[in-house]
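Read the structure below first, then the notes.
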Amino acid sequence: MPATVLFGCGTGLELYLSMLDSSGISHIECIVDNNPKVSEICGIPVKNASYLAQLTDKKIIITSRHYIDIFNQIVANGVAKEDIEVFNALINW
């Protein structure tokens, strides 16, 4: 089973986490951010974007309103497009 990684620590993340129950949160490996200011959120570790290179089997859910830039960034760093999703609530935000 791939590791679930959330990318982005802003209000999109808060909305995403508010929609999960505790079992959903327990399946999240970590939260990644380009400028992490905290070490954990809701008990989930927060890592720098370079952490993605350490994961071989991953599903990344972008939880930032900057989803286009983040998508391009992580694809440029070798993540396959099919391993990336955008939290749908952000698309019309």
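The values are calculated or read from the model by the stated rules, or taken from the named source; none is laboratory data. If you're wondering where the values come from, they're calculated on a predicted model, not measured in any experiment. Glycine also receives a Cβ, built like all others from the backbone with ideal geometry; neighbour counts cover every protein chain displayed. Accessible surface areas use protein heavy atoms only, side chains included; no ligands, DNA or RNA. Shrake-Rupley method; radii C 1.70, N 1.55, O 1.52, S 1.80 Å.
Observations, loosely collected:
- Accessible surface computed residue by residue for the chain, with neighbouring protein chains in place and a 1.4 Å probe, gives 60 Å² per residue.
- Under the criterion of Cα pairs below 8 Å and six or more residues apart, the relative contact order for the chain equals 33 percent.
- For the chain, with all protein chains in place and a probe radius of 1.4 Å, 50% of the accessible heavy-atom surface sits on carbon or sulfur.
- Of the trypsin sites (Lys or Arg not before Pro) found in segment 1-85, those that fall in a DSSP loop while having at most 11 other beta-carbon atoms within 10 Å are 37.
- Shape of segment 31-93, Cα gyration tensor, a/c cut at 1.5: oblate
- Whole-number percent relative contact order across segment 43-93, with pairs defined as alpha carbons under 8 Å at least 6 apart: 44
- Protein-only accessible surface order, largest first, of 42, 30, 9 at 1.4 Å: 42, 9, 30
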